[in-house]
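As structure tokens, the structure follows; a few thoughts come after it.
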Amino acid sequence: MIQFEKFILENGLRVLVHKDTSTPMAVVNIMYDVGARDEDPNKTGFAHLFEHLMFGGSIHIENYDEPLQMAGGDNNAYTTQDLTNYHIQLPAENIETAFWLESDRMLSLAFSEKSLDVQRKVVCEEFKEHYINKPYGDAWHKIRELAYKIHPYRWMIIGKDLSHVENAKLEDVKKFFFKFYRPVNAILVVAGNVTTEQVKQLSEKWFGDILPGEKYHRNLPEEPAQTKARKMEVKADVPLDAFYKCWHISSRLDHRYYVVDLLTDILSGGGSSRLYQSLVKEKKLFSSIECYHFGTLDKGLIAIEGKLVKGVKMEAAEKAINEELEKIKKEPISEDELQKVKNKTESTIAFEDMTVMNRANSLAFYELLGDAALMNQELEKYNIVTAEDILKESNTVFREENSNTLYYYSNN
């Protein structure tokens, strides 16, 4: 059970405190309720570009890393389809440095053409390196566009097109910042060797006078149910043929999300999983295969992807996958198999909760979902999943008309 206290500043900033005196460290974590799904379809990649810009200097602090290193701290950030997160870890006695740095970034970035130019180049290089020049790098760009027709999950976090970031104007960037990076749209979690009183005092001092901003109300188009299978073929200079197939699943707060999460482990959670045993070990059709989902807040995707063994035909590989899926759709899994993946999930959750950093991040995430206390109910949501749930959800999800398939052929 993760204990925490919560209060809200007058400007709308939600603050959560998680005390842990067993560590000399403290974590200051800020989560902003903005991700790639909130971008203008003609100006994608901005949420990720911002993650870079936030390290390029704020209104009173030219160099972000220097004072942090002097305080014995380190920091990082990440962007997803749904949110953006920044975190600092440092000795608890130097915690005010983190408040000073984060509050100045929230107050306003420095917004210079030079900073934008530097970070724009970094992001464009990243785009080229990971999505254009890397083997199979464009696979998920193509599959997302295949699977989503109107929801903004149809583009990647890096952006839909390189030109969007290349052409980003300072004015566009400023608008994005003052729309989303406001106290009313943020969650501050302070965890570690701290007291609630201390965090209250520092929060008021450093964040209290930042203007709240306007609350962002999300109004995204809902992806209609898919009624016809979609397929695409690609040929590229890659070492092996690859197979990708995905199906639409429920949103993050739906009970069925937990069913699908366990289902991915049954199919591909390690060496004893069904797909690995049958298709890699026994039939030797794939050199590697995995099943996973993206954990998105809105309705997401479950995917199976694998690299084929040289000489294996794509149709034979797909047929073998379909046979495995038919098995899970026809026969309830055994209680032993179900308990095994539940145990694995329990140990994963326990392992994640071991570090103060992860606890702070999780508290922010569940607060973003609606209530940080949800964090303490996760395990129970997995435990109540039955073999019947797995059977029913397999039949709901793994329908051919709900599927999107990419045959990725090697030129070699």
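What follows is calculated from the coordinates using simple rules that are stated; it is not laboratory data. In this text, all values refer to a predicted model and were calculated from it rather than measured experimentally. No Cβ is skipped: glycine too gets one built from the backbone with ideal geometry, and neighbour counts run over all protein chains shown.
Observations, loosely collected:
- FRET efficiency estimate (nearest 0.05) - Cβ-Cβ, ASP74 to GLU197, R0 22 angstrom: 0.25
- Percentage relative contact order, the stretch 5-207, counting C-alpha pairs under 8 Å, at least six apart: 40 percent
- Relative contact order (percent, whole number), the chain, Cα cutoff 8 Å, 6+ residue spacing: 22 percent
- Each label point was placed 7 Å from the Cα along the Cα-to-Cβ direction; for GLU113 and SER251 their separation is 4.3 nm.
- When the C-alpha to C-alpha distance is required to be over 18 Å, the pairs from LYS231/LYS319; LYS128/LYS179; LYS284/LYS319 that qualify are LYS128/LYS179.
- Positive-end extreme of charge dipole, the chain - chosen from ALA225, TRP206, SER362 (charges on Cβ): ALA225
- Once the chain from LYS128 to LYS179 is taken as fully extended at 0.36 nm per residue, the excess over their C-alpha distance is 15.5 nm.
- Mean projection of the Cα convex hull over all viewing directions, computed for the stretch 230-410: 11.2 nm².
- Couplings 3J(HN,Hα) for the stretch 219-235, derived from phi with the Karplus relation 6.51 cos²θ - 1.76 cosθ + 1.60 (θ = phi - 60°), are 9, 8, x, 7, 5, x, 4, 7, 10, 9, 4, 10, 9, 8, 10, 9, 10 Hz, where x marks Gly and Pro.
- The distance between label points at LEU211 and LYS342 comes to 5.3 nm (points 7 Å beyond Cα on the Cα→Cβ vector).
- Candidate lysines - alpha carbon under 17 Å from LYS340, same-chain residues fewer than 8 apart omitted: LYS381
- The translational diffusion coefficient of the stretch 163-269, from Stokes-Einstein at 20 °C and 1.002 mPa s with a Kirkwood hydrodynamic radius over alpha carbon pairs, comes to 106 µm²/s.
- Normalised alpha carbon radius of gyration of the stretch 56-137 [divisor 2.2 N^0.38 Å]: 1.31
- Mean residue ellipticity at 222 nm, helices only, the chain: -12000 deg cm²/dmol; runs of at least 4 DSSP H residues each add -39,500 (n - 2.57), and the sum is divided by the number of residues.
- The stretch 373-412: Rg to Rh, with Rh as the Kirkwood radius over Cα pairs: 1.28
- Measuring how big the stretch 5-207 is from its alpha-carbon positions, Rg and Dmax come out at 18.0, 52 Å.
- Values (i) 1.23; (ii) 1.06; (iii) 0.97 are given for comparison; Cα Rg over 2.2 N^0.38 Å, derived from the coordinates here, is the one labelled (ii).
- Centroid-to-centroid separation of the stretch 138-211 and the stretch 2-58 [C-alpha atoms, Å]: 8 Å
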